[in-house]
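Notes follow once the structure below has been shown.
The values are calculated or read from the model by the stated rules, or taken from the named source; none is laboratory data. Quantities reported herein were computed from a predicted structural model and do not represent experimental measurements. In this analysis, Cβ positions are derived from the backbone assuming ideal geometry, glycine residues included, and neighbour counts consider all displayed protein chains.
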Amino acid sequence: MDLRRPSTNADQWGRYYTSPAVSRTLVDAMTRVRPKLILELCAGQGALANAALKKWKSANFVTVDTDLTATTVLDRLTSKASHTHHAHDALDDELADKIGVPLGSVDVGLCNPPYVRPRWRSSFGHILEDAGLSGALQSVHDAGADVLFIAQNLRLLRQRGKLGLILPDGLITGQKYRGLRKVLLRDHHVEQVVQLPRRAFTRTEAQTYLLVLSKCCGETPQVQLSQMSNRGEVSLPISIAADLAEHRLDYAFHASRTSTTRRGNTRQGTKTVGAYVNELIRGTTSSSQIDSCPLPVFHLGDFPQTRESAAVPIVPTKFIQSAGKTMELREKYRIANAGDILIARIGRNLHDKVCLLPRGICIISDCIYAIRAAPEHRETLLKYLLSDHGKAALKATSHGVGAKYLSRSDVLELVLPKK
């Protein structure tokens, strides 16, 4: 597989190897199936196939990996006559013929796609089209290895066959892939999604998920979401409707909203942050431009700690300019006004970075959002964002690896507890 953008922490093929606990959890989530043929693409050391072997001992196994050295590892893993390994590019559009596995014949597909973006080949368009996913993306060039491996597995899977995947955060929560989630939920039955703990894979803090679907089993009515703890325990599931699943498929986000509902709120009776906000402003000054700016720019490291201020953290005085400079500064910078609530747009601990601009104006960096609301709503929003519930909601709704980020819609769609 020709890589356009190799991973910095994975092996040379972009693989993060799956632990026995994660492998076992994925296989255990695949119920109501007695497979005769199990396929693992991008098999690596065969962790998923090995877990499946313990559950379905009489099945025939086929594994595929580009890495020639994987052959020795997989042969040592299982010497069963029912296991065949192929050292081949798993994203070859003619893979079915090359490995002797007809399209639409696999009972169970298992896959932990590599975290890479392969160089685009015209044959990838055929794989996406054949799987019914080409129209699910804003551009076919948005298809990384994860999307391509979903498509390749769907091509090989039989009707009502089961597919078990390990997927990154973007496909589960990112707005960019909402169309993909919509197609998967519409054309297949997405049964279960398990949110894994960070550091589930060594050398990365990437947020990852297990997803199980049944191919072409009708539109998904409900999806079961759960979460694995650092000790490998899986929580009791919560169930969400397909329209909510299209928006996001992560347990933490929906559990946060569910807890609000359990305290007596109804979905119709709650309000979002957006209902109170007049304007959500993002700064334009980049971190590289801050030092050359003649005036102080409020940035991520400038949020006051709660213990250093009164009940409401406020912007430090050195960042506050006279309101008389508003027109002058607005021509060059994005500014916050008196009464705006400033929150971090990006950062590992963004949920802890909230403060108020009490007076004047303030230049904000492109890592900062300024929430502008009418005075009668300001206290409600500030109290919520500083509360434990609000911080948990910010943390749950954020995306990304390592340094998390919030989109505009993430902030505006936060649900406030009912009074």
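Answer yes or no as to whether residue 366 is assigned by TED's automatic domain parsing to the domain that holds residue 388, under 25 Å from the mean Cα position of the chain (by Cα) and more than 19 Å from residue 414 (Cα to Cα).
Judged against the criteria, residue 366 is a match.
Determine which member of the set 107, 169, 97, 92 is touching a helix residue (DSSP H, G or I) at 6+ places or on another chain (Cβ under 8 Å) and among the acidic types (Asp, Glu). Quick ask: steps written out before the conclusion?
Details: 107 fails: touching a helix residue (DSSP H, G or I) at 6+ places or on another chain (Cβ under 8 Å); 169 fails: touching a helix residue (DSSP H, G or I) at 6+ places or on another chain (Cβ under 8 Å); 97 fails: touching a helix residue (DSSP H, G or I) at 6+ places or on another chain (Cβ under 8 Å).
Going through 107, 169, 97, 92 in turn, just one is touching a helix residue (DSSP H, G or I) at 6+ places or on another chain (Cβ under 8 Å) and among the acidic types (Asp, Glu): 92.
Of the candidates 80, 57, 98, the single residue that is at pLDDT 90 or above, surrounded by fewer than 18 Cβ atoms within 10 Å (Cβ to Cβ) and over 25 Å from residue 129 (Cα atoms) is 57. For the stretch 236-256: of the residues being without any contact (Cβ under 8 Å) to a residue 60 or more places away in the chain and out of contact with any helix residue (DSSP H, G or I) (no Cβ under 6 Å at 6 or more places or on another chain), which is surrounded by the fewest Cβ atoms within 10 Å (Cβ to Cβ)? Looking at residues that are without any contact (Cβ under 8 Å) to a residue 60 or more places away in the chain and out of contact with any helix residue (DSSP H, G or I) (no Cβ under 6 Å at 6 or more places or on another chain), I get 236.
Residues that are modelled with pLDDT of 90 or more and crowded, with 19+ Cβ neighbours inside 10 Å within the stretch 102-119 comprise 106, 107, 108, 109, 110, 111, 112, 113, listed in sequence order.
Here the condition is being in contact (Cβ under 8 Å) with a residue 40 or more places away in the chain and among the hydroxyl-bearing types (Ser, Thr, Tyr); of 122, 105, it holds for 105 alone. Filtered by the rule that a residue be exposed (fewer than 14 other Cβ atoms within 10 Å of the Cβ) and either of a type in the set (Val, Ile, Thr) or free of Cβ contacts under 8 Å to residues at least 24 places away in the same chain (or both), the stretch 223-235 gives 231, 233. Counting only residues that are out of contact with any helix residue (DSSP H, G or I) (no Cβ under 7 Å at 6 or more places or on another chain), of a type outside the set (Val, Ile, Thr) and either at pLDDT 90 or above or more than 29 Å from residue 122 (Cβ to Cβ) (or both), the stretch 60-77 holds 5 of them.
Restricting to the stretch 385-410, name every residue that is surrounded by 21 or more Cβ atoms within 10 Å (Cβ to Cβ) and either free of Cβ contacts under 8 Å to residues at least 24 places away in the same chain or closer than 22 Å to residue 298 by Cα (or both). Within the stretch 385-410, 385, 394, 398, 404, 406, 410 meet the criteria. Residue 158 falls short on exactly one of the conditions (1) within 23 Å of residue 67 (Cα to Cα); (2) touching a Gly at 6+ places or on another chain (Cβ under 7 Å); (3) of a type in the set (Lys, Arg), and that condition is (1).
For the stretch 344-367, the criterion of being under 30 Å from residue 209 (Cβ atoms), surrounded by 15 or more Cβ atoms within 10 Å (Cβ to Cβ) and β-branched (Val, Ile, Thr) is met by at least one residue.
Among the residues of the stretch 379-392, those that are within 24 Å of residue 347 (Cα to Cα) and of a type in the set (D, E, K, R) comprise 383, 388, 391.
Residue count for the stretch 207-222 satisfying the condition of being more than 13 Å from residue 162 (Cα to Cα) and either over 16 Å from the mean Cα position of the chain (by Cα) or in a loop (DSSP other than H, G, I, E, B) (or both): 6. The single condition among (1) closer than 23 Å to residue 257 by Cα; (2) in contact (Cβ under 8 Å) with a residue 24 or more places away in the chain that residue 363 does not meet is (1). Number of residues in the stretch 124-165 that are farther than 26 Å from residue 31 by Cβ and assigned to a loop (DSSP other than H, G, I, E, B): the value is 5.
If I filter the stretch 308-331 down to residues being part of a loop (DSSP other than H, G, I, E, B) and touching a strand residue (DSSP E or B) at 6+ places or on another chain (Cβ under 9 Å), which single residue comes out as modelled with the lowest pLDDT?
It comes out as 309.
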